[in-house]
Every structure is written in C-alpha cells, then in structure tokens.
1. Name the helices (runs of 4 or more DSSP H) wholly within region B:1-110 that hold at least 3 residues that are touching a helix residue (DSSP H, G or I) at 6+ places or on another chain (Cβ under 8 Å) and charged (D, E, K, R)?
2. Is it true that some residue in region A:311-334 is surrounded by fewer than 22 Cβ atoms within 10 Å (Cβ to Cβ) and in a strand (DSSP E or B)?
3. What strands (runs of 3 or more DSSP E), lying completely within region A:396-496, carry at least 3 residues that are among the β-branched types (V, I, T)?
4. I need the full set of residues from region A:628-666 which are closer than 23 Å to A:V150 by Cβ and of a type in the set (V, I, T), in order please.
5. Of all residues in region A:177-236, count the ones that are assigned to a loop (DSSP other than H, G, I, E, B) and hydroxyl-bearing (S, T, Y).
6. Looking at region B:38-79 only, could you name the residues that are aliphatic (A, V, I, L, M) and either more than 7 Å from every other protein chain (Cβ to nearest Cβ) or touching a residue at least 24 places away in the same chain (Cβ under 8 Å) (or both)?
7. Somewhere in region A:222-236, is a residue more than 20 Å from A:T306 (Cα to Cα), touching a strand residue (DSSP E or B) at 6+ places or on another chain (Cβ under 8 Å) and open to solvent by less than 30 Å² (accessible area, probe 1.4 Å)?
8. Before we move on, is A:D604 within 14 Å of chain B (Cβ to nearest Cβ), touching a residue at least 12 places away in the same chain (Cβ under 8 Å) and open to solvent by 50 Å² or more (accessible area, probe 1.4 Å)?
Amino acid sequence: MSTQEKKDNISQEKENVEIPKKRKSKRIGIFVCHCGINIAGTVDVEKVAKTLSEHEGIIHAEDYVYMCSDPGQKKITDAIKEHNLDSVVVACCSPSLHESTFRNASKSAGLNPYQCEIANIREQCSWVHKDKDKATKKAIKIAKSIVEKVKRNESLEPISISVTKRALVIGGGISGIQAALDIANAGHEVILVERNPSIGGHMIQLSETFPTLDCSQCIMTPKMVEVSKHPNIKLMTYSEIQEISGYVGNFKAKILKKPRYVDPDKCTMCDECSKVCPVLVPNEFDENMTGRRAIYIPFPQAIPATYTLDINSCPGLMPIACGKCADVCEPNAIDFDMKPEIIEEEVGVIVAATGYDLYGLEKLGEYGAGKYPNVINGLQFERLLSASGPTKGQILRPSDHKVPKEVVFIQCAGSRDPELHNAYCSKICCMYTAKHAMLYKHHVPDGQAYIFYIDIRSGGKNYEEFVQRAIEQDDVLYLRGKVSKIFEENGTVKVWGVDTLTGKDIEIDADLVVLAVAMRPSKGADEIAKKLKIAQDKDGFLAEAHPKLRPVESITSGMFLAGAAQAPKDIPEAVAQASGAASKALAILSSDRLYHDPIVAKVDEETCSGCKICIPLCPYGARIYDEEKKIVVVNEVLCEGCGCCIAGCPSGAAQQRNFTDDQIYSMIDIIL
Amino acid sequence: MEHFEPKIVCFACNWCTSAGADLAGTSRMEYQPNGIMIRVMCSSRIDPQHILWAFKKGADGVFIGGCHPDDCHYIDGNYNTLRRIKLLKKLLTDFGIEPERLRLEWVSAAEGKKFVMVMDDFIEQIRNMGPLRLSQEASA
Ligand code: FES
C-alpha cells in the first residue's frame, strides 16, 4: 500500500465514523461534587456545572457539597425522576471509589446502571493541580468527555450464567483430598480424579511429620477412607484429565479411565495374584528401593482397596502370554478385556491440586546422586524411617543393609541455585531435614547426624523450637557451608566441605548421604496447565491470579489452585490453601446464577467479513468462527471485556459495549 | 511567538495506569494539566486509528499508559499494544508527524510518582517541539 493509499484509507475510515448515527437525543443530568474543599478548593465547581448546563444534551446540572452522601444521592434520584433523565454523569472522585454507589442510586430511580458514568475530577484533576483556572478548564473537559461517552452508552444487563453445582478436583494428595472433603461436606457433589491407582499422594509415603512427629499414615488414612465413603464424592483413581472445555459454572471434563484389569468390587486383596506374577519392577511407593509385581497394590491401605494390573510391565494380556494371576484369582476379579473408558462430567468449578515431584536425583551428579547407592533423597529416607517401609522402620543403608553410623544430610540440593538448578527455595527442606536427623538419632542413638546448610528457614508455628530441639536434645551437628566434593572410597561416601563459620575444612566418611532435593511441579503439570488453560510461573508451578490478594484462584474464573501445585509448601499450608480454594469454589456453587460485567465485545454481523484476525488476539478463546454464518461471533460469557480484538478488527465490525469507537472518537473530539 | 500550551490526549488502562494516576492524586502530587485522560479497560483497546484521529483533530501529543509487561489484567493485552504502537510510530513519519509525539509507558497502580514524572516529561517535550502542524493533505 502506498502512503497515499494509507492516508486515503484512514480518512475513509474516519469518514464513516464522522457521520453521526441518528439517535434520539438523550436527556442527561450532570452532578458536580465539591467533595468538601477537596474538589471545590481547586476547581470552580459552580462554573463546571454552569458550563456543562449549556452543553448539548444536558437537561439538568447541579453541584453539591458531598454527592456521595445520602442527601447528595437523593438529589440524583430526585432529578432523574423529575426531569425524566435517561443518563447521569457524576463529576467527582475516581470511579474506583463511587461508581457503584452512583450506579446503584441511578438504578433505584429506575435508570439502567450502565447509563451512569463518573467523571474523575478529583484524583485526576483537583488533587494534582494548583492553578484554579487551569484545573477548572480541565475539569470541564473531563466532564464533557464523559457526557459524550454517556450519550452513546447502551443500557446493559449483567450477563447471567447458570451454575452446575458440582466440582472437579484434580489430584488425590492431601490438598485434593482436603478440597474435595470440604466441598462435599458443604453438600455438593465432587469428582476427585487421581492418576495413580490410589489416593494419598506423597503424604502417605511419609513416616512422621514435623513439628509434632505424628505419624503421617495415621492422620492421612482416615481422610482417605472418608473420601471413599463420602456419599458426595465420586472417586476416579487411575484416571487422567483428557480435555476441559467450557467456562465458569459450566465446565465439561473428559476423563480417561485407564483399565486396571481388576474389578475393585470383586478383589478381596488376598494377594494370591502377586505371589504368582513373574515380573518384578521398581516399586514407586518405596521410591524404587524395593520391587513390586506387575499386578500389585501400591500400599496396604490403598484407596480404593484393590489390586491393579500395570499393563506396561505385564508380559501381555493374552492368557497364552502369562495369565498366571487370573488362574489363581478365586473371586474372578481379573478381567483382561477391560478397555480404557472416556467419562464425561459436567462441573461448575475446578480445583487443581496436582502436587509436586522431587527434582530428579540424576540431575544432581555433583553429589554423586544416581551414581552411589548410598546417596539418597529425602523421600527415600522417609521410606527407610517408615514402619511400613522396605526395612520395616529400621534404618539400613541401601548398599549392604548395614546400620549407618555417620549420616550426612545436605540441604538445598537443587534449590537456591540459579546457575545449575532451581533458583527458588523449596521451603520445606530445612524442616524435614531437622526431622530426619532427629528421627535418625531416635533410631540410632550412637550414630552421628551432620547437616550441611546455607541458612535455616524455620518460619512457622513451633518450627524454630523444633530445630533447636534437634540441635540441643538430639545432638545434630549443623555445619554452615556447601559441600564441595562427594566420592566413594572403601565403601564409604567421602563428603568434603567447608564450615564457613569456622573456616575449617571438613571431611566426613559417611555411611549414608541424604539430599534434601528440590520440589518441582509434578510430572504432567505442564500438560494439565495447558488443558486447563492455567498460566504457569517461570518454574512451572501453576500461577495464582494475584500473588497477594488472590492466592488460591487461577486467572481463569472458576478454576482454583491448592497445595504444592502452586508453589512448594508444607502440609499445614497445603491444607489451608485447599480449604481456601474449596471455600472460593463453594461461593460459586452456592449461587444459582453468576453475573458477568456486560461491557463485552460484540460483532456487527453485516460488516464482519470473517477474516478471523480477532480470534488469536483473544486471550480467553471467546471469539469463535461461525461456519454457518461465515463470521466471527463472541461468547459473551468468556469475554472479559479488554477490547483487544476491537482494536485489531480491520473493518470496525467488532465493537466493545459502552467503549465503542464512536464513543472514543467523540471523546477525543470534545477534549481537543 | 505566541504562548503555546500543548494539547495532549492520554489513554490509560483501567487497572494500572489509571489507578496509578489516581494514586498520584491521593498522594497529592502535582503535574501539568495539559493531558486529558480517556480511560479504557485495557491499553489494547486503543486502536492506532484513535491515535491518528487525535492528531488529526489537533492533539500535539498522544500518551498511552498500560500495565507493565506480564502484568496486564487481561494476560497479554499490553504486548499487542506494544506491537501496534511500534508499528504506528514507523508510519507516523509518513503522515508528517514526529514519532516522539506518541509515547507509550508502563505505569503500574503503585507508580503514582512515575505517572507524574512521565506526564511532566512528555508535556515538556511536546512544549519544546512546538505545535503539531499537519499538512493539508495529511489532515484531509
Ligand atoms: S489492563 Fe493494563 S494494559 Fe491491559
């Protein structure tokens, strides 16, 4: 396009806009507030009212000392009735303060609230200027521009959406369980989806929990049982989210139910099947320190209480391939013909509680992780401590099952290391390392526990006291410094480091090294985030809508976050956030309809050419191509009203309600 | 030379820049009164056509304020604004308008001070540049 053509085009467009559309002229009232002397001190309010009274379309103009007071509001409602006004402009403070006040007042006098607009002559005029003459002129321009806007305002009704009173909770760890129970106890149906064969998450793997040392399984299993027995909870384990569509109040979820080849209703957990299974694979529940069969139960208290056949390690479903398990299964619970199923559910809200996984040991080569069997991670140590673990609660090191007498714990392995690993602090490691060292001493009183740390972060109720107890009562030796080298020699793990407080070099012949490995968003978090269209932060954790004021909501309305999916956190914090997410979700589920600001995008069907430029501009997927009409239409429920698509529309077919091009042009005109 | 008071049209998004301007007021800061604000929900609502229109109708400068990158209330509207303004600045020369007469700034709701500074700076800059004189052809 040549420059001349461009110019022609632009003036052409404007020509279209300039032709005033025939509209019945509105009866507008303007109310100028003194705000005591806050406005009247720098702006000649009488003059503003007087000048505006001569402006085209103004039927009534007055000023008053406090427009927001009851008598002030009465002046507005009286004038609306008396002069039969159909629009109102209040020239006062910022719309963020009193827009709703004056819209409600207008509504009470029978006006559509969207026919009331605010001219901000305090924050953006009287408070920032001193010269009364100039400030008054500016206030007049501001007021006139809003009058021009309101002249072209449509009456709008909030967009109303029905609510499906059911919730979907994704993730069956402590956060998901807590959120599901809270919502279910409030009387709403919950679908709890867990991709593993059992709920329980990482918490069920733990031995004892800080700072009270209560047994994790003892406090977790009752909650798991409650979930399985709850009349309002539909539990779907061994299932994954395949697709989420829809919007707040009306989501549709497609859930893939993987075949477990065992009928939970028939399985009596007699364990005969796993006894004959010839396959041995690493046991995930024991953090790969033991093995399990292809047909297995992850742990004895698993919910649902049933065996699962892991098809990826089974030699084959055909009875010719193996089929030994089915032969010995007396209740005939094994069914090789089970197929994956897609279950569709409709829900009003979604809570994402997808949890965490540990940073891979293989990435921590500098600590000999993945290379030396006696260098393990925190969850593996939990399993060693656990009475239900591979060693029945005895602390035995992996290489030779000897009781380790010198144990080195290393904090911040993979955390707080922006160059090589993760920049963030994983938050819980200081506390669980103190717990590990303490519990180790309880098991092996004549052993020595060393902790390498950068600094100790023990913020939390009774946390600092707990760390002190480890140091004072259990003689745990805290060494401030980083480990420089770890290598194996004569069956021991040599740990070299520096104590930065004394400046001394340290060499420890350790029997066992436990790394407090960084927490990462759980495997599959990326995929889930994409399916839910929830943003992720730079580290991959699910992003909250506002870091301070909306910590349990996602940016997508109706979707909430709970637990370590959002950031590393300990059990009490995860539970608190889960309950927070549940109560936010309940606020939606307890209303029959939701209302949405109607200043949304609209499309002039005649003008739209169906060029689709607007579709990728919309961050909410609210613009959809209508194959039949060959134009783009707007899903008003999804539209949040930013107006980005409007500015991108080359034909002017797209407009934003009450922020139309016509309105903006006429505001510019009156300002200049 | 007769006294020149620049006429400036300011567009600001509701969530950041307009709130930042409100904060400047609440903190009783002071700046020159030449700019009149048109509040839109997001800076991405502003069409380059609006800006050209303002210049055609006699604005000496046009100011656009939005949320900082990654802070837009509507996820990434401000990136669209950035692209559009960059492109428009290239075209402005063709219309005989110095690109400096158009300024885009990120002003957050907490940056009352920044709002005041950029406002004064911009007004002063336009004052020094003098009035915009469009050729007959360009203003047609
Ligand atoms: S809301 Fe401020 S730039 Fe989008």
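The values are calculated or read from the model by the stated rules, or taken from the named source; none is laboratory data. What you see is a predicted model; the values in this text were computed from it and never measured. All Cβ positions, glycine included, derive from the backbone under ideal geometry; neighbour counts span all protein chains shown. SASA here: full protein model, heavy atoms, side chains in, ligands and nucleic acids out. Shrake-Rupley method; radii C 1.70, N 1.55, O 1.52, S 1.80 Å.
1. B:77-92
2. Within region A:311-334 (the criterion being surrounded by fewer than 22 Cβ atoms within 10 Å (Cβ to Cβ) and in a strand (DSSP E or B)), the answer is no, since none of the residues qualifies.
3. Qualifying strands (runs of 3 or more DSSP E): A:406-413.
4. If the condition is that a residue be closer than 23 Å to A:V150 by Cβ and of a type in the set (V, I, T), then A:I646, A:T660, A:I664 are the ones that fit.
5. 3
6. B:I38, B:V40, B:M41, B:I46, B:I51, B:L52, B:A54, B:A59, B:V62, B:I64
7. Among the residues of region A:222-236, not one is more than 20 Å from A:T306 (Cα to Cα), touching a strand residue (DSSP E or B) at 6+ places or on another chain (Cβ under 8 Å) and open to solvent by less than 30 Å² (accessible area, probe 1.4 Å), which makes the answer no.
8. No, not satisfied.
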